[in-house]
1. Say whether the condition of being hydroxyl-bearing (S, T, Y) and closer than 24 Å to A129 by Cβ is met by at least one residue in region 226-237.
2. Need the failing condition index for D58 against (1) assigned to a helix (DSSP H, G or I); (2) crowded, with 21+ Cβ neighbours inside 10 Å, just the number.
3. Listed residues L97, L136, L130; which is outside the structural domain of G373 (by TED's automatic domain parsing), more than 16 Å from the ligand (Cβ to nearest atom) and on the phi < 0 side of the Ramachandran plot?
4. Going through region 237-267 one residue at a time, which ones are under 19 Å from K13 (Cβ atoms) and part of a helix (DSSP H, G or I)?
5. What pairs can you find where one residue is in region 1-18 and in a strand (DSSP E or B), the other is surrounded by 16 or more Cβ atoms within 10 Å (Cβ to Cβ) and of a type in the set (D, E), and their Cβ atoms are less than 6 Å apart, with a gap of 6+ or different chains?
6. Out of curiosity, is R121 near the ligand (Cβ under 8 Å from one of its atoms) and crowded, with 16+ Cβ neighbours inside 10 Å?
7. Take region 125-142 and flag every residue that is out of contact with any Ser or Thr (no Cβ under 6 Å at 6 or more places or on another chain), touching a residue at least 24 places away in the same chain (Cβ under 8 Å) and not small (G, A, S).
8. If a residue has to be assigned to a loop (DSSP other than H, G, I, E, B) and hydroxyl-bearing (S, T, Y) to count, how many in region 185-212 make the cut?
Amino acid sequence: MSAIEVQGLCPIKGEIIVQGSKNAVLPMMAGAVLNKGITVIDNVPRIQDVFCMMGILDSLGCSCVLDGHSLTINAAGLSRFSIPREEMEKMRSSIMLLGALLGRCKEAEVYYPGGCMIGKRPIDLHLMALEKMGVLIEEGEGDEPLRASVPRLRGTVVDFPFPSVGATENAIFAAVAASGKTILKGCAKEPEITELCRFMNNMGASIRGAGSDLLVIEGGLPLHDSRFTVCGDRIAGGTYLLAAAGAGGELLLTGTESAGLLTVTTVLKRMGALVYAEDELIYVKAPERLQASSIKTDPYPGFPTDLQSIMMAVMSRAEGTSIIEEKIFENRFKTAVELEKLGAEIIVEEDIARIVGHTHLKGSHVEAKDLRGGAALVAAGMMAEGTTIVSSCEYIMRGYEDICRDLSGMGACIRYVEEPAGR
Ligand code: UD1
């Protein structure tokens, strides 16, 4: 089944306990190779990106077993530090293994990572941080891999000019294995990084400052076997809150820290929804039509770029003209073309999208082009009259364990179907 069929305008009311966080678990899986033993991670979402990372770890000589939502990684047998191009290109998070393998083996051979084509996604900041810790990098030409090696990782001061999530995570791995103290300035502050610091500390590392833009890491401490529970997925949770609100519905979401979605719930309130939030619970109830609003994506605690496409779908049916400024990934606006097939009116100029809200959207055949854009089309289908088919939903499965299960739990008429012929 590689398409999703949605019957729009079903009454939306329900509850969802959100899955474990994709963006938290993937770097944890990479970090597990730093311990020459067993790491158990609980509340792991059963998503394609997790299966893909398990495949990469297995190919390096680790053994990964996912039993329900508990993942056991035994990294004692890790015997390779080279990741084939086809594996690297399956997902963006494969690049997290660069810092982790350097920490474990002092050598790594990787290719440029894949993942959703949402923008340029360079790795210069990852490499800058590693080079400051003494790593020699040879960026291969043509089909050659990037080769990195280091006789001894050494603690240092790294000052990031932009708070990159991935570069911060890679620097954390190298710093945990380095001798001496590393100070990381200008770090990304996403909650998933705070979780990664807690995960590494639980394994024996010493990382202070989690949640701020300054991390102080005492490197070279002995690591040990550990067990850790992944936090709930604020992006999957935010997707469902926005889908419910866009469809004029009501949702009780539990399992993710409400603080991680504060910018999103603030915008929903501004658009006319009733929102109640405490600890790990968020309740939203929306009027039949929300009011237009404006957002700008930014590093945390700004509005998450991962929820921008879904907010665009919601704004397509809001009353008035909304504005979105995309400051992180330049290609996220490609979802606009698909939303227009459902009757949305979106004018894109460089990093600004102007969304003229329409009373009615109409079901159609659309195609997911990336993970979050695909989820946005499903959400739009819930707001549209008639039937919407979202093709290429394998993108959606990279990050959502079972989007049809979750959305039907709140009343959506949605199911997996065969890809329509000719697509
Ligand atoms: C992570 C998330 C992704 C989220 C993004 C921003 C995971 C698995 N993925 O991606 O879902 O959308 O954070 O919150 O956690 N940049 C550079 N040089 C670099 C690295 C990044 O210029 O070396 C730029 C990128 O082009 C982009 C911005 O920094 O414009 C943000 O990238 P980054 O925070 O690194 O995102 P990811 O780690 O790829």
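1. Just the residues of region 226-237 that are hydroxyl-bearing (S, T, Y), to begin with: 226, 229.
Then keep just the ones that are closer than 24 Å to A129 by Cβ; that gives none.
No: region 226-237 contains no residue that is hydroxyl-bearing (S, T, Y) and closer than 24 Å to A129 by Cβ.
2. All conditions pass for D58, except number (2).
3. Values: L97 fails: more than 16 Å from the ligand (Cβ to nearest atom); L130 fails: more than 16 Å from the ligand (Cβ to nearest atom).
None of the other options fit; the residue is L136.
4. Of all residues in region 237-267, those under 19 Å from K13 (Cβ atoms) come to 237-255, 265.
Those that are under 19 Å from K13 (Cβ atoms) and part of a helix (DSSP H, G or I): G237, G238, T239, Y240, L241, L242, A243, A244, A245, G246, T265.
5. Hits for this filter: K13/E250; I16/D406.
6. On the way: near the ligand (Cβ under 8 Å from one of its atoms): yes; crowded, with 16+ Cβ neighbours inside 10 Å: yes.
Yes: the conditions hold for R121.
7. H126, M128, L130, V135 - these are the residues of region 125-142 that are out of contact with any Ser or Thr (no Cβ under 6 Å at 6 or more places or on another chain), touching a residue at least 24 places away in the same chain (Cβ under 8 Å) and not small (G, A, S).
8. Within region 185-212, the first condition is being assigned to a loop (DSSP other than H, G, I, E, B), and the residues that meet it are 186-190, 203-205, 209-212.
Remaining after also requiring hydroxyl-bearing (S, T, Y): 212.
Residues meeting the conditions: 1.
The values are calculated or read from the model by the stated rules, or taken from the named source; none is laboratory data. Since the model is a prediction, treat every value here as computed from it, not as a measurement. Neighbour counts run over all protein chains shown; Cβ positions are idealised from the backbone, glycine included.
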